[in-house]
1. What FRET efficiency comes out for A55 versus T170 if R0 is 22 angstrom and r is the Cβ-Cβ distance? Round to the nearest 0.05.
2. How much accessible area per residue does the chain have, counting only protein heavy atoms and a probe of 1.4 Å, in square angstrom?
3. With the cut-off at 14 Å, report for region 36-98 the share of all Cα pairs above it, as a whole percent.
4. How much accessible surface does I145 have with a 1.4 Å probe, in Å² rounded to 10?
5. Give the value in nm², to one decimal: projected area of the alpha carbon convex hull of region 63-138, averaged over all directions.
6. With a 1.4 Å probe and all protein chains kept in place, how do F102, F172 rank by accessible area, largest first?
7. Please enumerate, by chain and number, the lysines with C-alpha under 26 Å from the C-alpha of K128, excluding those fewer than 8 residues away in the same chain.
8. Which number comes out as Rg/Rh for region 1-77 once both Rg and the Kirkwood Rh are worked out on C-alpha atoms?
Amino acid sequence: SSPASQCSNTPVQFTNSSTGSGLTYTWNFGDPNSNNNSSTAINPLHEFVGVAGNATQNFTVSLVANNNGCKDTITATVTTKQLPDTKMGGTGYVVYNGLPYFTQCASTNSSFTFTNQSTTANTNYTIKWGDNTPDFTATSWTTEIHSYNVGTYSLQYIVTGQNGCKDTATYFVFVGNNPAVGLNNPGNT
């Protein structure tokens, strides 16, 4: 691999130069925050996660080549630029089925208060509201209020760090009613 001062979310292509026949491979990317920290592909592609920040971070990547129990290992250090933090808080924040939502139980247009919870020093913020209204863009912010009609929306929070790296988080917004529940009394028989 040869990443050159790239941001962590730019995929790195690894090239396996092992020789021999019948080999199997195990890669470990040294990236425990990644959902895919390992691979058995010959030449894997990996997008590093690391930790949020504005500096660089090092990952110790290892490759184990295995031929029927005879193994050899090589390690290399991959350095990438950290990504900015894309945390946002706000009205009715919940995690539903593993996805972050801002919710209000209402049958009409509702206002949400959103808060910047990014822990990194950043140069730009963009919020794509997901409801066909103009995007919010600023060099800093603390709190923003935005109204949504009844429905479900996909909000994108795009943050640019001081090192020039940009990351995007997707949140969902829901405005709707609780389901109506009824019970009939069948009476006495």
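The values are calculated or read from the model by the stated rules, or taken from the named source; none is laboratory data. All values derive from a computational prediction rather than experimental measurement. Cβ: placed from backbone, ideal geometry, glycine included. Neighbour counts: every protein chain shown. Please note that ligands, DNA and RNA were not included when accessible areas were found on the heavy atoms of the full protein model with its side chains. Shrake-Rupley method; radii C 1.70, N 1.55, O 1.52, S 1.80 Å.
1. Numbers: r = 25 Å, r/R0 = 1.16.
It comes to 0.30.
2. On the way: 11010 Å² over 189 residues.
Accessible area per residue, the chain: 58 Å².
3. Details: 1408 of 1953 pairs.
Result: 72 percent of Cα pairs exceed 14 Å.
4. Only protein atoms counted, so the area is about 110 Å².
5. On the way: hull surface 40.5 nm².
It is 10.1 nm².
6. Values: F102 0, F172 45 Å².
I get F172, F102, largest accessible area first.
7. K81, K87, K166
8. Details: Rg = 13.2 Å, Rh = 13.3 Å.
Using Cα coordinates only, the ratio equals 1.00.
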